[in-house]
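Asks: The structure's right below; bear with me while I get my questions together.
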Amino acid sequence: MDYTRTGLAGTFGATLPWKLLGLIFLCIFGDTPVTDQSNKSSLPPESSLTPGPTQKQQAPQPNPWVEGLQTIGLSVVLALGIRHFVAEARYIPSGSMEPTLQINDRLVIEKISYYLNPPEHGDVVVFWPPDSLTPPGKRRDAYIKRIIGLPGDVVEVRDGEVIRNGEVLTEPYIKAAPDYQWGPETVPDASYLVLGDNRNSSYDSHAWGFVPQENIIGKAVVRFWPPDRLGLLDD
């Protein structure tokens, strides 16, 4: 857009998009006034509501810069609220979830469903690793893995197979059968066992233990990049 043609200095650019953003925010979070039409007799006479010639005053003109800054502030609050409570985008930096997820895939992580229902077997989740995995002074990075064990499940990895509650899992999504032995272990309450689909190149629960429920950020539901792999993620 050529702002020199829209009067940027006088109107704070194209004000319509800013006002639309503000309207969206108010529609979601604003309070709607209630009109009480059952008690019109309490209103003053109509003549008293009509200003006379001496009562008419020029309405103050809103400052477009103030309006613009207010709308920007509301938009930032809305964006942060959506990211914290609803959904966020993440990208894949490693091959631990191959072949399901490739390096540099971009995903939408939704957060609402886990407010309503707990995670399920097969969910691909983003989570904060246990504190013991982050050295002091280092930034804690989120991980992405697949949930294999729910609270109370007994899980074992033996002879290239994952066994859960006595049953061998059918896992068409893995890259290769695991070449390690692990368990059997019972998943503690309010915790989950997670493994990468690239079983032999994944730093996951078989190496460091279980994920506390409060560490789970959300569920990966949609891959939006690259375009040729756009779509929902299958469990």
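Read-outs throughout are calculated quantities, based only on the coordinates presented, and are distinct from any laboratory measurement. Remember, predicted model here, so these are calculated numbers, not experimental data. Neighbour counts run over all protein chains shown; Cβ positions are idealised from the backbone, glycine included.
Asks: Considering each residue of the range 99-131, count those that are without any contact (Cβ under 8 Å) to a residue 12 or more places away in the chain and either part of a loop (DSSP other than H, G, I, E, B) or among the hydroxyl-bearing types (S, T, Y) (or both), and give that number.
Replies: Of the residues in that region, 3 qualify.
Asks: Follow-up question, since we're still on this one. Within the range 173-196, work out how many residues are surrounded by 13 or more Cβ atoms within 10 Å (Cβ to Cβ), within 26 Å of L116 (Cβ to Cβ) and not polar (S, T, N, Q).
Replies: Total meeting the criteria: 7.
Asks: Quick one: in the range 157-172, of everything that is surrounded by 16 or more Cβ atoms within 10 Å (Cβ to Cβ) and closer than 21 Å to P119 by Cα, which residue is nearest to the chain's Cα centre (by Cα)?
Replies: For the range 157-172, the residue satisfying everything is E171.
Asks: Could you grab me the full set of residues in the range 145-202 that are under 19 Å from N215 (Cα atoms), among the basic types (K, R) and touching a residue at least 60 places away in the same chain (Cβ under 8 Å)?
Replies: Within the range 145-202, just K145 meets the criteria.
Asks: Quick check on the range 126-156: of everything there that is surrounded by 22 or more Cβ atoms within 10 Å (Cβ to Cβ) and within 16 Å of the chain's Cα centre (by Cα), which residue is nearest to R106 (Cα to Cα)?
Replies: Among those that are surrounded by 22 or more Cβ atoms within 10 Å (Cβ to Cβ) and within 16 Å of the chain's Cα centre (by Cα), it is I144.
Asks: Would you pick out the residues in the range 101-158 that are under 22 Å from V221 (Cα atoms) and of a type in the set (G, A, S)?
Replies: Scanning the range 101-158 gives S113, G122, A142, G149.
Asks: Report the residue count in the range 215-228 for those that are charged (D, E, K, R) and free of Cβ contacts under 8 Å to residues at least 24 places away in the same chain.
Replies: Of the residues in that region, 1 qualify.
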